[in-house]
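Undergrad: Got a structure for you, written out below as structure tokens; questions coming shortly.
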Amino acid sequence: MVTIRQEKLRAEEYVDFLRRTDLGSQYPRERFETRIPRLLESASLSLAARDERGCLTGVLLGLTDFAYWLFVTDLGVDRRFERQGIGSRLMKTALDLAGGERDIAVYLVANEKAIPFYEKLGMKKAEDVMQYWHVEWTDFTVE
């Protein structure tokens, strides 16, 4: 049985989780060790899915104003626990906590492999998003 609750994660535990998910390839190498703790401390929504032993099986991090918007920065599930509905439950929980589907618009940047998952949730590709991209970004995978 997997339980989901709001919880601030420790950087060491999150980095270990990244190794067990496809999220481990979404971050740049530049200043990774100093930026991950800032991410975890600053997320206005931080959800952890844990199995009965307390092992981290899923994560959703997001930024929200609790009135109109939720930007999901991270949504991942441990590869051993995929296809068990954990990602869907994390998204529903985040949406409910942010203010509910009648009030909250959800945005995120999707990994190409995750697009079918998001489409299954009823999400569509947006064409009204702007970006300002002046970031050093060297691809790497957390291992």
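Just so you know, all these numbers are worked out from the coordinates, no wet-lab data involved. All figures in this text were calculated on a predicted structure; none of them were measured in a lab. Note that we place each Cβ from the backbone using ideal geometry, even for glycine, and neighbour counts take in every protein chain shown.
Undergrad: Give the residue that is surrounded by the most Cβ atoms within 10 Å (Cβ to Cβ), with candidates limited to residues of segment 5-19 that are part of a helix (DSSP H, G or I), of a type in the set (A, V, I, L, M) and touching a residue at least 40 places away in the same chain (Cβ under 8 Å).
TA: The qualifying residue surrounded by the most Cβ atoms within 10 Å (Cβ to Cβ) is L18.
Undergrad: Starting from segment 69-85, keep only residues that are within 14 Å of R50 (Cα to Cα), then list their pairs with residues that are buried (at least 22 other Cβ atoms within 10 Å of the Cβ) and among the hydroxyl-bearing types (S, T, Y) whose Cβ atoms are within a distance under 8 Å, requiring at least 6 positions of separation or different chains.
TA: Within 8 Å, the pairs are G76/T21; V77/T21; V77/T57; D78/T21; D78/T57; R79/T21; R80/T57; F81/T57.
Undergrad: Another question, then. In segment 74-96, how many are buried (at least 20 other Cβ atoms within 10 Å of the Cβ) and among the β-branched types (V, I, T)?
TA: Number of matching residues: 2.
Undergrad: Which residues, taken from segment 105-143, are assigned to a loop (DSSP other than H, G, I, E, B), among the aliphatic types (A, V, I, L, M) and within 22 Å of I36 (Cα to Cα)?
TA: Selection gives V109, A110, V135, V142.
Undergrad: Among the residues of segment 89-104, is there at least one that is assigned to a loop (DSSP other than H, G, I, E, B), touching a helix residue (DSSP H, G or I) at 6+ places or on another chain (Cβ under 6 Å) and over 19 Å from M1 (Cβ atoms)?
TA: From segment 89-104, those assigned to a loop (DSSP other than H, G, I, E, B) are 99-104; that's our starting set.
Still in the running and touching a helix residue (DSSP H, G or I) at 6+ places or on another chain (Cβ under 6 Å): 101, 104.
Keeping just the survivors that are over 19 Å from M1 (Cβ atoms) gives 101, 104.
Within segment 89-104, one or more residues are assigned to a loop (DSSP other than H, G, I, E, B), touching a helix residue (DSSP H, G or I) at 6+ places or on another chain (Cβ under 6 Å) and over 19 Å from M1 (Cβ atoms).
Undergrad: Shifting gears a bit: Just one of A49, A43 is of a type in the set (G, A, S) and over 23 Å from V129 (Cβ atoms); which is it? I'd like the intermediate steps shown before the answer.
TA: Working: A43 fails: over 23 Å from V129 (Cβ atoms).
Only one candidate passes the filter, namely A49.
Yes/no per residue for (1) of a type in the set (G, A, S); (2) under 26 Å from E112 (Cα atoms); (3) without any contact (Cβ under 8 Å) to a residue 12 or more places away in the chain; (4) surrounded by 14 or more Cβ atoms within 10 Å (Cβ to Cβ):
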{"residue": "T3", "(1), (2), (3), (4)": "no, no, no, no"}
{"residue": "T21", "(1), (2), (3), (4)": "no, yes, no, yes"}
{"residue": "Q26", "(1), (2), (3), (4)": "no, yes, no, yes"}
{"residue": "R31", "(1), (2), (3), (4)": "no, yes, yes, no"}
{"residue": "T34", "(1), (2), (3), (4)": "no, no, yes, no"}
{"residue": "L40", "(1), (2), (3), (4)": "no, yes, no, yes"}
{"residue": "A43", "(1), (2), (3), (4)": "yes, yes, no, yes"}
{"residue": "A49", "(1), (2), (3), (4)": "yes, yes, no, yes"}
{"residue": "G62", "(1), (2), (3), (4)": "yes, yes, no, yes"}
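Undergrad: Is it fair to say R80 is over 24 Å from P28 (Cβ atoms) and not in a loop (DSSP other than H, G, I, E, B)? Walk me through how you get there before you give the answer.
TA: Values: over 24 Å from P28 (Cβ atoms): yes; not in a loop (DSSP other than H, G, I, E, B): yes.
Criteria met by R80.
Undergrad: Something else: Quickly run through segment 45-98 and pick out the residues that are among the β-branched types (V, I, T) and more than 10 Å from the chain's Cα centre (by Cα).
TA: T57, T64, I86, T93
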